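Worksheet for the structure shown next.
The values are calculated or read from the model by the stated rules, or taken from the named source; none is laboratory data. Please read these numbers as outputs of a predicted model, since none were measured by experiment. So basically every Cβ, Gly included, is an ideal-geometry build from the backbone, and we count neighbours across all protein chains shown. Keep in mind that these areas ignore ligands, DNA and RNA; they rest on the heavy atoms of the full protein, side chains included. Shrake-Rupley method; radii C 1.70, N 1.55, O 1.52, S 1.80 Å.
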Amino acid sequence: MELLQFVINYWAILGAIVSLLSYLTVQIMALRNGIKALLHDRIIQKCEYHIKNNHINADDLEELEYLNKPYKALGGNGTVEVMLKTVHKLPKR
């Protein structure tokens, strides 16, 4: 009964909190998707550059792996994986 009375007394405040949490969730998801899109674009650009030049150096390969780690954590897809496998097969300079 106490919980019900609390909800009745503070309904407006609880509604505002739920609305705020919903808004923040939408904003966080938009930021996550935006960051994932930027990482995807950058990784693909770098991979295409190295594939076109038919070689890669250790620093660039390390940078690609560094970019790929958060991309995968954000739920990145297999397109980047295919490109990275191709880049890993390139001659090292």
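Would you mind computing, in nm to one decimal, how far apart the modelled labels at ILE51 and ASN77 are, each placed 7 Å from Cα along Cα→Cβ?
About 1.5 nm separates the two model spin labels.
Pull out the extension gain between LYS89 and TYR23, defined as 0.36 nm times the separation in residues minus the alpha carbon to alpha carbon distance; nm, one decimal.
Values: separation 66, 0.36 × 66 = 23.76 nm, distance 4.46 nm.
In short, 19.3 nm is gained.
Using a Gaussian network model of the chain whose springs link C-alpha atoms within less than 10 Å, name the residue from TYR49, TYR66, TYR23 with the highest mean-square fluctuation.
TYR23
Just the number please: accessible area per residue for the chain, 1.4 Å probe, all protein chains included, in Å².
Details: 7090 Å² over 93 residues.
I get 76 Å² per residue for the chain.
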